[in-house]
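Trainee: Handing you a structure now.
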Amino acid sequence: MNTIYAKSLQKIIFGIVILLSINTFGQDLPVSLTPQEKLLMKDYYFNNDTKGYSVPPSSKVRSAAEWEEIDALIVTWTSYTPVIREIVRNAVNECKVYIVCSDSNSVKTYLTAGNISLTNVKYVIAPFNTVWVRDYSANNVYTNDVDSLLLVDWTYNRPRPKDDTLARTLTKFTGLPLYEMTQTPNKLVATGGNYMSDGLGTAFASKLILNDNALGGGYNQNLTEAQIDTLAKKYLGIHRYIKFETLPFDEIHHIDMHMKLLDEETILVGQYPNDSADGPQIEANLQYLLANHLSVFGTPYRVVRMPMPPKIGTNNYPPYSSYFTYTNGVFVNKTFLYPTYYTQYDTIAQHIYEKNLPGYNVVGIDCNSTISSSGAIHCITHCIASNDPLLIVHQPVKDTVSFTGQLFVEVKAMIKHRSGISHAKLHYVFNDFLIDSLDMLPIPGQPDYYKANIPLYIPVKNTVLTNYKYYITAEANSGKKQCRPITAPTGFWSFKFNQPNGINENKTNDTQVQLGSIYPNPASAVTCIPVETTKEIAATIELFDMIGEKVQTIYEGKIPSGNKNFFINATDLRKGVYFVKLSTKEYSVSQKLVVK
């Protein structure tokens, strides 16, 4: 009895010490373990009780990607409030913002003083230890890809008991079911900054996930990699869990400090100069990925390099500086927020994000105050995904399309909603003029897949490359609407059509004949086509539509020397883009005509 009493008393004392330590230093705790926390780890009592479901979901599940629609962004109101205020300022225009706090009145006062609208702000009164909500909030998971939204929580790899209960508070606040990986044999120790999902069954992490769950890892775990993968599959719908070697100088080993998924096949990767800091290991990890894994589309991942900035005023990188990074950003529907530090490198990061996230409102927020604690924007935000998702998945057409004999490019997409799809459309633009919207039709034998063909224009004899832009919209039977990219029509995918070598048949004109500027253009009625010749010449003037089909022959015969006007009536034509082609035996030229 004395032994049992002594052990029980020891647990109580350690629990009190933990709570006192965390409450004393809570607001200033970094992402990493503090020396005090390391001392407490051996005897820290991780929550083994459960308030949600202790078994996996019975349905097939899918872990949402960060670029999908969200209903709310989550922040914890404690330290770094100037940074959090700027996050709220930009997020309230996109979705609700859930602020985890102990006193909503002080938060309201602070936000109001900063001229921030409170319309979309909701206050979650809950206990907490730290600001790093990415690491301890719950994950968003859908049953059957797009059906019910669930919250899935794991055991947080920090001795911060209040943080580790936020998921339970959120399930009460939102009414969403909670599934917990907190009880053996389904217990998994993890952290949100070391988890990224492509939304289609692939996830990425550093091997911290293996170390934390191994025997002797400090968390009373003894899981193999296969067992970890099984838990990720059952609870998160992860069928391929790609794990990278940890980095020498990143103390926390969270992948969000040096990489970011921008879409299903694009990875933003931090880059250091001259093999400095963690650059060599990051590059080795990247080459491992490219050599051993393809994207969910079965093609190589697209890699975007992002320069990692040195400490301001120096050329110092880790371990001789804090872990300054631009990859630690977050999607908030049509806005993307990322950390900034100083102009010299910030402008480069802004350009890279704008180039690779077309149409997004890309906003930088100064994180000089947070980065010394090993965290930035992604670390201090989390989200609640859409409770009514309309999923559109599409692999964009590659940058340049070469002529292969087909006069179209096939655009294919997976489009799903729990009520079914009413209709889907492909909208495309040619050389900066809106051309058409095409119905995307179901593909026989491929449930949830739709396609449409973008016609390729060939008759332009004096153009080698033509530019196309496009996006996809869909409406569910319930009336729910969505587009992809989510920023469309401001944002879109684009490609160039490289016409075959034989297309440009122009020969030297020797100024014998010239096609003047057609007017009015855009046209809606009688339209004039001016032609100038230096001598009488046999010529043909034809009108083609966008797919290269001849609409009419405007004139065929000899054109006398001098200036002559030819006419068409645009009222007889369907709205869209056409091309007027003037041809002689030795020469041809085309000019675009828009009919409105």
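Trainee: Restricting attention to segment 548-586, which residues are buried (at least 16 other Cβ atoms within 10 Å of the Cβ), over 17 Å from LYS596 (Cα atoms) and modelled with pLDDT under 90?
Mentor: LYS581, LEU582, SER583, THR584 - these are the residues of segment 548-586 that are buried (at least 16 other Cβ atoms within 10 Å of the Cβ), over 17 Å from LYS596 (Cα atoms) and modelled with pLDDT under 90.
Trainee: Follow-up. For segment 509-540, which residues satisfy the criterion of being outside any strand (DSSP E or B) and touching a Leu at 6+ places or on another chain (Cβ under 9 Å)? Steps first, answer last, please.
Mentor: Going through segment 509-540, the residues outside any strand (DSSP E or B) turn out to be 509-512, 516-518, 520-522, 524-525, 534-536.
Matches in segment 509-540: ILE518, ASN521, PRO522.
Trainee: Do you know which residues across segment 142-194 are aliphatic (A, V, I, L, M) and over 12 Å from TYR219 (Cβ atoms)?
Mentor: Our first condition is that a residue be aliphatic (A, V, I, L, M); within segment 142-194, this holds for 146, 149-152, 166-167, 170, 176, 178, 181, 188-190.
Hits for segment 142-194 are VAL146, LEU149, LEU150, LEU151, VAL152, LEU166, ALA167, LEU170, LEU176, LEU178, MET181.
Trainee: Residues of segment 274-310 being modelled with pLDDT under 95 and buried (at least 16 other Cβ atoms within 10 Å of the Cβ), which ones?
Mentor: In the first step, residues of segment 274-310 are kept if they are modelled with pLDDT under 95; the result is 274-276.
Within segment 274-310, SER276 is the sole residue that qualifies.
Trainee: Something else: Is it the case that ALA376 is closer than 25 Å to PRO273 by Cα, among the small types (Gly, Ala, Ser) and in a helix (DSSP H, G or I)?
Mentor: Working: closer than 25 Å to PRO273 by Cα: yes; among the small types (Gly, Ala, Ser): yes; in a helix (DSSP H, G or I): no.
No: the conditions fail for ALA376.
Trainee: Within segment 222-248, can you find the residues that are in contact with an Asp or Glu (Cβ under 7 Å, 6 or more places away or on another chain) and either free of Cβ contacts under 8 Å to residues at least 40 places away in the same chain or surrounded by fewer than 16 Cβ atoms within 10 Å (Cβ to Cβ) (or both)? Even if it seems obvious, please write down each step before you answer.
Mentor: So the first thing to find is which residues in segment 222-248 are in contact with an Asp or Glu (Cβ under 7 Å, 6 or more places away or on another chain), and the list is 241, 247-248.
TYR241, PRO248, listed by residue number.
Trainee: Now, a different point. In the same structural domain as PRO339 (by TED's automatic domain parsing), in contact (Cβ under 8 Å) with a residue 24 or more places away in the chain, part of a loop (DSSP other than H, G, I, E, B) and more than 17 Å from ASN139 (Cα to Cα): is that true of ASP212 in this structure?
Mentor: Numbers: in the same structural domain as PRO339 (by TED's automatic domain parsing): yes; in contact (Cβ under 8 Å) with a residue 24 or more places away in the chain: yes; part of a loop (DSSP other than H, G, I, E, B): no; more than 17 Å from ASN139 (Cα to Cα): yes.
Against the criterion (in the same structural domain as PRO339 (by TED's automatic domain parsing), in contact (Cβ under 8 Å) with a residue 24 or more places away in the chain, part of a loop (DSSP other than H, G, I, E, B) and more than 17 Å from ASN139 (Cα to Cα)), ASP212 does not qualify.
Trainee: Right, here's the next one. Where in segment 105-156 are there strands (runs of 3 or more DSSP E), lying wholly inside it, with at least 1 residues that are modelled with pLDDT under 95 and in the same structural domain as THR381 (by TED's automatic domain parsing)?
Mentor: On the way: elements: 121-125, 139-143, 149-156.
Correct list: 149-156.
Trainee: Could you list, in sequence order, the residues of segment 361-393 that are within 30 Å of TYR449 (Cβ to Cβ) and more than 18 Å from the chain's Cα centre (by Cα)? Steps first, answer last, please.
Mentor: Of the residues in segment 361-393, the ones within 30 Å of TYR449 (Cβ to Cβ) are 383-393.
Of everything in segment 361-393, those that are within 30 Å of TYR449 (Cβ to Cβ) and more than 18 Å from the chain's Cα centre (by Cα) turn out to be ASN387, ASP388.
Trainee: So which of THR347, THR381 is of a type outside the set (Gly, Ala, Ser) and buried (at least 23 other Cβ atoms within 10 Å of the Cβ)?
Mentor: Working: THR347 fails: buried (at least 23 other Cβ atoms within 10 Å of the Cβ).
Result of the check over THR347, THR381: THR381.
Trainee: Separate question: Kindly evaluate ILE486 against the criterion of being in a loop (DSSP other than H, G, I, E, B), β-branched (Val, Ile, Thr), surrounded by 13 or more Cβ atoms within 10 Å (Cβ to Cβ) and modelled with pLDDT of 90 or more.
Mentor: Numbers: in a loop (DSSP other than H, G, I, E, B): yes; β-branched (Val, Ile, Thr): yes; surrounded by 13 or more Cβ atoms within 10 Å (Cβ to Cβ): yes; modelled with pLDDT of 90 or more: yes.
In short, yes.
Trainee: Suppose the filter is free of Cβ contacts under 8 Å to residues at least 60 places away in the same chain, of a type in the set (Gly, Ala, Ser), in contact with a Phe, Trp or Tyr (Cβ under 9 Å, 6 or more places away or on another chain) and under 30 Å from ASP346 (Cα atoms); does ALA205 pass it? Lay out the reasoning, then the answer.
Mentor: Numbers: free of Cβ contacts under 8 Å to residues at least 60 places away in the same chain: yes; of a type in the set (Gly, Ala, Ser): yes; in contact with a Phe, Trp or Tyr (Cβ under 9 Å, 6 or more places away or on another chain): yes; under 30 Å from ASP346 (Cα atoms): yes.
Yes; evaluated as a whole, the condition is true for this residue.
For every residue, the table says whether it meets (1) touching a helix residue (DSSP H, G or I) at 6+ places or on another chain (Cβ under 9 Å); (2) over 22 Å from CYS95 (Cβ atoms); (3) not small (Gly, Ala, Ser).
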site: SER322; (1), (2), (3): yes, yes, no
site: VAL332; (1), (2), (3): yes, no, yes
site: TYR341; (1), (2), (3): yes, yes, yes
site: ASN361; (1), (2), (3): yes, no, yes
site: SER373; (1), (2), (3): yes, yes, no
site: ALA376; (1), (2), (3): yes, no, no
site: PRO396; (1), (2), (3): no, yes, yes
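Trainee: So which residues in segment 73-101 are within 20 Å of PRO161 (Cα to Cα) and touching a strand residue (DSSP E or B) at 6+ places or on another chain (Cβ under 7 Å), if there are any at all? Break it down into steps so the answer makes sense when it comes.
Mentor: Of all residues in segment 73-101, those within 20 Å of PRO161 (Cα to Cα) come to 74-79, 99-101.
If the condition is that a residue be within 20 Å of PRO161 (Cα to Cα) and touching a strand residue (DSSP E or B) at 6+ places or on another chain (Cβ under 7 Å), then ILE74, VAL75, THR76, TRP77, ILE99, VAL100, CYS101 are the ones that fit.
Trainee: For a quick check of your reading: which strands (runs of 3 or more DSSP E) sit entirely within segment 254-354 and have at least 1 residues that are more than 27 Å from ASP71 (Cα to Cα)? Walk me through it before giving the result.
Mentor: Numbers: elements: 259-261, 266-271, 302-307, 330-332, 335-340.
Of the strands (runs of 3 or more DSSP E) lying wholly inside segment 254-354, those with at least 1 residues that are more than 27 Å from ASP71 (Cα to Cα) span 266-271, 302-307.
Trainee: Continuing with this model, one more query. Residue by residue through segment 225-277, note down the ones that are at negative phi and small (Gly, Ala, Ser).
Mentor: Passing the criteria: ALA226, ALA232, GLY270, SER276.
Conditions (1) in contact with a Leu (Cβ under 8 Å, 6 or more places away or on another chain); (2) over 23 Å from LEU151 (Cα atoms), marked per residue:
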residue: THR202; (1), (2): no, no
residue: LYS207; (1), (2): no, yes
residue: ASN211; (1), (2): no, yes
residue: ALA214; (1), (2): yes, yes
residue: GLN227; (1), (2): no, no
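Trainee: So, in segment 79-117, how many residues would count as being within 27 Å of the chain's Cα centre (by Cα) and surrounded by 16 or more Cβ atoms within 10 Å (Cβ to Cβ)?
Mentor: The total comes to 20.
The values are calculated or read from the model by the stated rules, or taken from the named source; none is laboratory data. Here the structure is a predicted model, which is why all the values come from computation and not from measurement. Cβ sites come from the backbone with ideal geometry, for glycine too, and all protein chains shown count toward neighbours.
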